[in-house]
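Before any comments, here is the structure.
Please treat every number below as a calculation from the coordinates, not as lab data. None of the values given here were measured: they were computed from a predicted structure. For neighbour counting, all protein chains shown are included, and Cβ atoms are generated from backbone atoms with ideal geometry for every residue, glycine included.
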């Protein structure tokens with residue numbers, strides 16, 4: 001028997017929320033970094049550095065003394081924090097979606113709304129503690145958070161709903 005199936009069977013919320021958080025976190029970061037670079041003409045390494053500053057302080061923020069992407073350790077801390085938050089948010093969303101018994105298109109819509117709520121909480125509520133996030137209030141961050149929520153909801157859908165099966169003739 002496959003170990004993944006055993007752990008998923010014994011702890012279904014644990015395995016599926018972790019996987020969904022990691023998938024949604026990966027897609028979010030790819031979208032955010034790509035759009036920051038292509039649409040805004042800025043370094044794609046800026047967002048991970050801003051996230052790393054949560055733990056390391058504002059001295060690691062991108063700037064003349066600390067060019068974006070110049071410190072691999074800072075980028076790794078940013079990614080670690082980002083993925084940890086993505087998994088925590090996956091647990092929260094899975095709990096909310098389960099409590100409301102959301103399925104199908106309503107689950108996906110709720111995911112987008114959840115992503116936008118996370119955006120508001122991070123870029124408006126948390127700026128009291130981390131004021132540098134105010135500079136990232138833009139359409140790229142809004143879009144990336146909506147995508148995060150959508151992908152999170154999709155990843156939490158039961159596989160039987162996501163997979164198109166052909167019936168035997």
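Using only alpha carbons, build the gyration tensor for region 76-122 and give me the equivalent ellipsoid semi-axes, biggest first, whole Å. Provide the component values of the computation, followed by the final result.
Details: eigenvalues 103, 27, 14 Å².
Values for region 76-122, descending: 23, 12, 8 Å.
Rg/Rh for region 24-100 to two decimals, with Rh computed the Kirkwood way over all alpha-carbon pairs.
Working: Rg = 14.2 Å, Rh = 13.3 Å.
Taking Rh as the inverse mean 1/r over Cα pairs, Rg/Rh reads 1.07.
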(request) Report Rg (one decimal) and Dmax (nearest whole number) for region 11-160, counting Cα atoms only, units Å. (result) 15.6, 51
(request) Could you rank the peptides 74-80, 124-130 by their average count of other C-beta atoms within 10 Å per residue, with the highest value first? (result) 74-80, 124-130
(request) For region 125-157 and region 29-103, compute the distance between their C-alpha centroids and round to whole Å. (result) 9
